[in-house]
Every structure is written in C-alpha cells, then in structure tokens.
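J.: Take a look at this one; I'll ask things after.
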Amino acid sequence: MRLVMYPFKEIEAKWQRRWEESGTHRIDTSHPERHKYYCLVMFNYPSSDKLHIGHWYNYGPTDTWARYKKMQGFRVFEPMGYDAFGLPAENYAIEKGVHPAHSTAENIKQIRQQLKAIGAMYDFEDKEIDTSSPQYYRWTQWLFLKLYKNGLAYRKKAPVNWCPKCHTVLANEQVIDGRCERCSSAVTKKDLVQWFFKITRYADALLHGYKKIDWPEKTVLMQKNWIGRSEGVEMSFFVERSSKTIDVFTTRADTLFGVTYLVLAPEYPLVNELTVHSRKEKVAAYVEEAKMETEIERASIIREKTGIFTGSYATHPLSGERIPIWIADYVLTSYGTGAVMAVPAHDQRDFEFAKKFNLPIRQVIVPEKAPNNEQAYTGEGKMVNSGSFNELLSRDGRERIADCLEKEGKGKRKINYRLRDWLISRQRYWGAPIPIIYCKSCGEVPVSEDDLPVLLPSEIDLKKTHGSGESPLSSIPDFVNTPCPQCGKKARREVDTMDTFVCSSWYYLRFPSPHYEKGAFDPKAVKNWLPVDHYVGGAEHAVLHLLYARFITRALYDLKLIHFDEPFMRLVHQGVITNKGVKMSKSRGNVVNPDALINQYGSDVLRMYLMFMGPYEEGGEWNDNGIRGISRFLTRIWKMASEDCHHQKITANSQELKRIKHHTIKRVTAEMERFHFNTAISALMEYVNYLAKARRQIVLSDWQKEMETLFLLIAPFAPHLGEELWTMAGHKRSVFDERWLSYDRTALEEEEVTVIIQVNGRVRGRITLPANSSEEVLRENALNDKRIQKWLAGKEVKKVIVARGKLVNIVI
RNA sequence: GCCGGAGUGGCGGAAUUGGUAUACGCGGCGGUCUCAAAAACCGUUCCCGAUUUUCGGGACGAGGGUUCGAGUCCCUCCUCCGGCACCA
C-alpha cells in the first residue's frame, strides 16, 4: 500500500528553512500600509494537548487564505501566539506534579515545533505572544485598572456560580446546562464578593455594532439572544400595612388585570420583612432549601413548581385588589427586579404554580381560536376583565396600560437585558493577579500603573492549597502582605486572579507590537494594522471570547485609546472535524495525530486534504483513506512538472486551451471568495486532468505557460510545493510575491453551445448550435430534431420555452 | 418547548439567479505493467427494466403545492446537529 510520492520531506524542510532565514514573513508594523490585511486565527491554548487535527483545520486553511490574499497584493499579517494562562493548564500541572510555568513552557516549546511544521506565515521570532509572561500580563492588569478607573470594573457580593471540582467561580458564559464548561461538574451557587466587568453598560452598543461587521448570522443571533434585550414596563405594587413596595418587570402589561398573586425570588431582600410572624419558620426553611440546590436542580423545567405563601398582601396598582405575595424559586433574583407579577391565565409557569397551590386563574385575553384550558394562553388577543381597557387588542392595550401607569407615576417603560456583568475573579493560581490592594483605612486601592506587573509568585505548593476553597495566592504571605500604596500601612493584596478570557479579550491589539514596553500596544502599530480584517475560530466562542473582545474594544474606544469600536470585521468559523461521528477529544480516544500524517504524506497534502473534505464552515468526518487522493494529485503535478515530455502531435485547440485556463482561474477565485476550498480544489483537479490528457498535443511553450498557471493557482493550497515548482520553472523570486491571476472574460466565450431539448420538462435530446443563435433558431432546430419528432408525433405543441444557451422546453 | 442549520450514490461531497442531478475525490470492479504483489496508468461504477455504444422508467428524508420546468421557492411532517432553556 505504499504510495510513491514526490519528495515532500526535502521540499518542505527546504522552504521552511528558507522562509525563516530570509524573514519572508516578517512584517514591519511601524509604517502605515495601504493594503494591509490582518488575518488572525484564534491563538493557541497550550493546556496539555499537542496540536491535533482540529487545530490544523483551523490554522492550515486560514494560512491558505492569507497566502491567497497576499498574492492578491495585500500586505498580510498572520500572527500566532499562546493563550497560556488558565485552569486546564493549572489542572494539568497539578496532575503531573509540576509547576504550571514549567509545564506551560514545555508545551509551548512542543507546540511551536508543530506549528512550524504547518508552514504558515507566522513570525515566531518577532510577533509571538505568551499571555502568561509578565511582559504580557502586565498589560492585562493595566487593562483592568483602566476599566476600574472608569467604573467598568467593580466588586460586589453576589450569588455566583461555583465549580466544586475546579474550586473557583465561573462566569455565566462558562456554565453550560448548569455544568462547568471545563470539567462538567454540577455548578452550585455561592455568596461571594467578586470582581465584575460592567459589560451590561454596553448591552445596547453591542447590539448596534452588528451593522458594520460581516459575521455569520448564526453567531450574531446567538449573541443577540445572549444579550436578550426585552422591552416592557417596571411597576410598583404597594405592600399592605407597610411602606414598602415591590417592583416587578413585565413585557405583557396588557395582562395586568390578570394578576392574581406576586412571586418573590427566595433571595429577594425583603423576604424576611414581608413574611408574617406565624409563617417565618416555614418560609426560612424554604429559602434555605432553595439555597442548597444546584443550578441544574433549580433550573429543571421537568420538576414541579415549589413555593410558599408569606402571609402578606399587596395592592393592585390599577384595580386596587388584594394580591397575595408568595415566594418561589422559579423566580430568579438575577433578572429584572427579582419579583414578578403572576398571571396564571397567560403565563405557563404561573399557570403551573397556580394549579398546584390552588390560586385563582383569571382570563384577561381572549384568543381568536378556542382556548385550551390545560395550558396558559400566551398569544395575543382581545382584552377582557380589564376595566376600561376591555375590547382593546392586547398589542394596543399593552401600550395603553403602560401610558396609564406612567401618567399615574406607578410605573415606567423599561428595557431589561438577559446579559449579566462579566464575573472575572478566579480562585486559582495560574492567571494574572488582580492589581488591587485592600487597606483597613483606605479601603480598596488600585496598584499604581507604574508598579505593574503584580508578579505571580513562582514559589507555591499547589497540591497543598488545591481544594481548600481558598485562592492559592492567599497561602503566600510575601505576596499577600504589602504596604498600602496610599497610606503605607499594612495592607493585603487581592488573592484572586483574572479569568483567562480577560487575557484573550485584547491580544489582537498586542500582536502588531508584542515587545512594546511603554504600553499595552504601540498606538502607531494599532493605528496601522487594526482592526482585524479576517478572524477565524471555533463557533463555541460565540458568547464567550467573541462577546468579551467586542466589549473590551468598545470600552477602549470610549476611552479614546483606539480608533475603532469593532475588533473583527469579518468572522469565519471553521467546522468541526469528527471521527467516528463525534468531535475529537483525548477522553474519547478518537484523536487523529497530525505528526504521523505529516511524516507519511507531508504538510501540504494534509492541509490540502483538510480543505478538500468539505465546505470549511461545515467541517466533516475524518477518513484515513481520502488523503491518498490528494497525495496522488500533488504527485501527479510533480511528475508533470519534472518529467520530460515529447510533444509529438501538435493538434490541441489553443482556443479551447485558453478557455479552460481562464475558466479554471475564474472558478478557483470564485470558490475561494466563498470560502469553499473543497470546490476550488476540485476545479484545480479538473484542470490537471485536462492537462494530463492534452499534454502530448500541446506545443512546449504553451505547455510551460499552462504549467505556470497551475503553479500559481496551487501555491496557496500547497505552499511548499508551490515555491518549489515555481523555482523549477526558472523563477528567482517567491511565488507568493507573484500576483494571483485574473481571467479574461472574452476567453471564456465558446463558439458553440450544447442546448438540451426537453419535452414537458423531460430531457429528450440535445443539439449543438452556434453560441449566438437566436431564440427562433433554437426553437426551430429543436422542433425539427429527429429524436424530438417522435415525441411530438400526433400531439399539439402548446408552448415552447427557450432559455438561450441552455435549453428548449416543448410543452405538448 | 423556543431559535438556528442540515438531510443528495457504498463513502466525503458538487450542482453560483429555479434550467442536463450525482462534478471532484475515496472505495469497488475490470484491464495494462510485473514471476508475483504494491505503486502507477487506462476503463468502469445511482437503482430498475429491456431490444444493452442505444432506449424507457425511477430516485435529492416523507408527503403536498407553485411553475413550461423544483435538490433549489412555499406548506405540513420525520430525522440529525448546534444554541437557548422557568429571563417574567
């Protein structure tokens, strides 16, 4: 089964060496670039694994795209670095009994070697980033301070997501179905004082930004849903025999007259105060119980509703009715006001609750169709039982009631967001320390920018601190104890570190000037190279990294530190490569090792096969055999280019030759633009198939021209081979300094075209006619065709449809 | 439950505004070369039926509709994948 292949090993080693030696991929970012193209792929996360096929699928085709853009005359910047801080890296280190700095450095060393084997246009000498280096995280801390000083970073006590296995809190975005994104443990709630970034201030701005960026609709939709803007009314219910009010938010003010009770979240601040004496014990027990539950238990919709009556009543703002106040865990403390008005007739959750606790259900909206009494009716309809609002359509009534509440000062229109502030504290070691000092007399004091970085101490026994629930840094007195920057008295450092997503929320700004020491980024380099023109990465980051990065960019823009407010102008998600039907992962044991494949087939073949598998954005199932096809293909080109050939019979139609060449250029270019690498490669294969057949009939000079066309078109897909072939053809400079070919429209025109003839929409024959034949000519020729005659015999022709250059359809 | 996306040969997939369904590749089969095999090359390959270089019929998840004409547009349903999921 051994394939005889072209000498890929020598070729790939040779060109990788040459590229490195000549500094081909070095980009000087200090000058403005008229045709700059910042092509970025999400940088590497070196936790423990080496590069696998998934990484390759991400990096290889992106480099092909970058090289294609380079050949189109752009100055392309394509950097690579390491998102080196983080929980998995720390867990890996603990497991191996080594220091994370050590294991991370080792991993990076290995991964860098693997990255080099791809043969991408990365500049490891000059434009590499390691987020765990003090030179980098110094500026992550600076970013924190910038946000802090502008009211965008703050500390508060809140019930937060706690992962019992990773021993740290998590952001909402890192909780998937109530489980930890990293280890899948059930997440619990903990009341802790934590640091947050005020992303909610940007909720609306983030929603408006989509207009100017070219992103997959799906991703934009996911972000929009995550931000979850909803318009409604916030109104007050007065509590009987009390000065207190309960504010509720609703998007359905039209159902206000259907309110039969109020519900507070168990964590609602007034719970104790509002509970009548005789019920205090029971209510306290319920609240306690709710606290103990995990997110999964509490969020389960299969579970029956639970709740308890406080014994208190409130007054309906319009009808003046007595409304009982209940407590139930189906109301969330973190959304809206933490209290809701319950309309069981028109809200499924309230309906279930009312059924269980025998609370009244009052219909105030009548649907057009007959209502189903087993469910709440949540649609629109005509209003009833709503006093002076009766007979209105719910859509209009909603506005009238809002008007009325606003006029009487009982409520106001409001917009609520599902988005919560970004919780960035982590009770872990391997991250950027939060640059804050707590002083008994001065309070919370930020570290001076000049004193950055707050160095992560290297001496630490993670095994000892792990699992204590305390941040590992709290075990190091030398780190914790520090004089207050303001008063000089004894003070303590913040011991939590920052979420790794903070590191990656700004890295694209540092890439053009990774060694800059006077700031997080050289303003000139940023001015010259940002925003990112083309960004490639997994769709799993839709509401994590991609949302955070947009927020940080907007914040820095408002602080006038950068000149743009959207970081990534165009976004592409690579699909997922599966093996045996599922995503590759070490735990499933279905990871395909790229190193072995490079050894067997070479880097160009592997990259090209990944692109050939299917549409880039859809990914696909890995198949060991398919790669042989690409290997044959490149070897065939190699042979065609290197073997002598006697051009005996010169019978080739040069017109046809030209047409096929231009047709190929057109197709490959169009497919590239669509990001359909697979069909671009198909077009190249068809071209090679044609050339192989026509080979002996082409004069040598024409043949050489055809081959050069092929080399130019193949270069971005197989960069090492492309360079080699170009050199063999006698060229001195790099093929990537050549221009991508454009096609000649007139060369595509054919003299004759084959037109199909249909009878009642079924293909019955075909005729070849001059391309410029008129409709009349097509029609006559079709009707008079022998094969067609037999179908028309004895029938009346009702209609003839002519599509010029394509078909004639005869309707009988 | 809600919101997206997708269902085409044995397999990965193609079909750009509705106009020859299955391009390209894998695999299979037959052949050339060889002592033999591998590799390479050539041919062949959706299914059924015959009068077998030709012809007819069927097939793009299922069913219906629009149209001269539907893989493509519309409706209903089924399956798979992704996201959200008590968000008031």
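Each reported figure results from applying straightforward, stated rules to the coordinates on display, with no laboratory input. Note that the structure is a prediction, hence the values are computed from the model and not measured.
J.: How large is Rg/Rh for the stretch A:309-388, to two decimals, with Cα atoms and a Kirkwood Rh?
T.: 0.97
J.: Distance from the Cα centre of the stretch A:323-351 to that of the stretch A:679-732, in angstrom?
T.: So the two Cα centres are separated by 69 Å.
J.: Next question, about the same structure. Taking only DSSP H segments of four or more residues, each worth -39500 (n - 2.57), what value at 222 nm results for chain A once the sum is divided by all its residues, to the nearest 500 deg cm²/dmol?
T.: The per-residue figure over chain A is -11000 deg cm²/dmol.
J.: Over all alpha-carbon pairs of the stretch A:630-789, lay out the pair-distance distribution in 10 Å bins, whole %, shortest bin first.
T.: Result, from short to long distances: 9, 31, 29, 18, 10, 3, 0 percent.
J.: Still on this structure, please answer the following. Under Stokes-Einstein, with the Kirkwood radius over Cα pairs standing in for Rh, what whole-number D in µm²/s applies to the stretch A:171-269 at 20 °C and 1.002 mPa s?
T.: Calculated translational D: 120 µm²/s.
J.: Rounded, prolate or oblate: which fits the stretch A:704-783 when a ≥ b ≥ c are the square roots of the eigenvalues of the alpha-carbon gyration tensor, with rounded for a/c under 1.5 and prolate only if a/b beats b/c?
T.: Prolate, because a/c is 1.5 or more and a/b exceeds b/c.
J.: Quick one: grab the alpha carbon gyration tensor of the stretch A:1-129, order the square roots of its eigenvalues as a ≥ b ≥ c, and give me rounded if a/c is under 1.5, else prolate or oblate depending on whether a/b is larger than b/c.
T.: oblate
J.: Between helix A:700-714 and chain A, what is the angle of the helix's C-alpha long axis to the longest principal axis, kept within 0 to 90° and rounded to the nearest 10?
T.: 10 degrees
J.: Based on Cα coordinates alone, diagonalise the gyration tensor for the stretch A:62-202, multiply each eigenvalue by 5, take square roots, and list the semi-axes in whole Å, largest first.
T.: One finds semi-axes of 34, 22, 16 Å for the stretch A:62-202.
J.: Enumerate the calculated ³J(HN,Hα) couplings along the stretch A:56-61 in order (Karplus 6.51 cos²θ - 1.76 cosθ + 1.60, θ = phi - 60°), each rounded to whole Hz, writing x wherever the residue is Gly or Pro.
T.: Result, rounded to whole Hz: 4, 5, 6, 7, x, x.
J.: So if I average 1/r over every pair of distinct C-alpha atoms in the stretch A:494-535 and take the inverse, what Kirkwood radius in Å does that give?
T.: Value: 11.6 Å, from the Cα pair sum.
J.: Hull surface divided by four, with the convex hull built on the Cα atoms of the stretch A:154-211: how many nm²?
T.: 4.8 nm²
J.: Next question, about the same structure. Over what distance in Å are the Cα centres of the stretch A:504-574 and the stretch A:92-130 separated?
T.: Between the Cα centre of the stretch A:504-574 and that of the stretch A:92-130, the gap is 22 Å.
J.: Restricted to Cα positions, what overall size does the stretch A:463-507 have along the principal axes? Three whole-Å values, descending.
T.: Taking the Cα atoms of the stretch A:463-507, the three principal extents are 34, 31, 14 Å.
J.: Dividing the Cα radius of gyration by the Kirkwood radius, what Rg/Rh value follows for the stretch A:26-94?
T.: That ratio equals 1.10.
J.: Please list, in chain and number order, the residues 5+ apart from residue A:229 or on another chain whose amide H is under 5 Å from its amide H, with Hs placed from the backbone.
T.: Answer set, sorted by chain and number: A:418.
J.: If one takes the longest principal axis of the Cα atoms in chain A, at what angle in degrees, from 0 to 90 and to the nearest 10, does the Cα axis of helix A:348-357 lie?
T.: Value to nearest ten degrees: 40.
J.: Starting from the Cα gyration tensor of the stretch A:234-325, take the square roots of the eigenvalues, sort them a ≥ b ≥ c, and report rounded, prolate or oblate (rounded when a/c is under 1.5, otherwise prolate if a/b is larger than b/c, else oblate).
T.: oblate
J.: Please list the three semi-axes, largest first and in whole Å, of the ellipsoid equivalent to the stretch A:768-812, using sqrt of 5 times the eigenvalues of its alpha carbon gyration tensor.
T.: Taking √(5λ) for each eigenvalue gives 19, 11, 7 Å, largest first.
J.: What three numbers, in Å, describe the spread of the alpha carbons of the stretch A:385-513 along their principal axes, ordered from the longest?
T.: Computed over the stretch A:385-513, the largest-to-smallest principal extents equal 74, 39, 37 Å.
J.: How big is the stretch A:382-458 along each principal axis, measuring the range of its Cα positions in Å and listing the largest first?
T.: For the stretch A:382-458, the Cα extents along the three principal axes come out at 72, 30, 20 Å.
J.: Hey, could you get me the Stokes-Einstein D for the stretch A:432-495, Kirkwood radius over alpha-carbon pairs, 10 °C and 1.306 mPa s, rounded to whole µm² s⁻¹?
T.: 128 µm²/s
J.: Please compare each pair in A:157/A:291; A:70/A:705; A:14/A:127; A:218/A:586; A:666/A:799; A:50/A:96 to a cut-off of 26 Å on the Cα-Cα distance and tell me which ones are over it.
T.: The pairs that break the limit, which is 26 Å between Cα atoms, are A:218/A:586; A:666/A:799.
J.: Still on this structure, please answer the following. Kindly flag which residue pairs out of A:440/A:524; A:407/A:560; A:280/A:356 have an alpha-carbon separation exceeding 31 Å in this structure.
T.: Pairs exceeding 31 Å: A:440/A:524; A:407/A:560.
J.: Can you list the residues, at least 5 places off or on another chain, whose amide H is less than 5 Å from the amide H of residue A:764, using H built in the peptide plane?
T.: A:757, A:758, A:759
J.: Over all directions, the average projected area of the alpha-carbon convex hull for chain A comes to how many nm²?
T.: For chain A, the mean projected area of the Cα convex hull comes to 47.6 nm².
J.: Enumerate the amide H contacts of residue A:168 below 5 Å, restricted to partners 5 or more residues apart or on another chain; note that Pro and chain-start residues carry no placed amide H.
T.: A:163
J.: Hey, another quick one. Which ³J(HN,Hα) values, rounded to whole Hz and listed in residue order, are derived for the stretch A:448-458 from phi using the Karplus coefficients 6.51, -1.76 and 1.60 in 6.51 cos²θ - 1.76 cosθ + 1.60 with θ = phi - 60°, glycine and proline given as x?
T.: Working through the residues one at a time gives 5, 4, 5, 8, 6, x, 6, 6, 6, x, 8 Hz.
J.: Something else: Taking θ = phi - 60°, what integer Hz values does the Karplus form 6.51 cos²θ - 1.76 cosθ + 1.60 yield along the stretch A:628-642, in sequence order, with x for Gly and Pro?
T.: These are the phi-based 3J(HN,Hα) values: 4, x, 5, 4, 4, 4, 5, 5, 4, 5, 4, 5, 4, 7, 9 Hz.
J.: Specify the angular offset, from 0 to 90 degrees and rounded to the nearest 10, of the alpha carbon long axis of helix A:280-292 from the longest principal axis of the alpha carbons in chain A.
T.: For A:280-292 against chain A, the angle is about 20 degrees.
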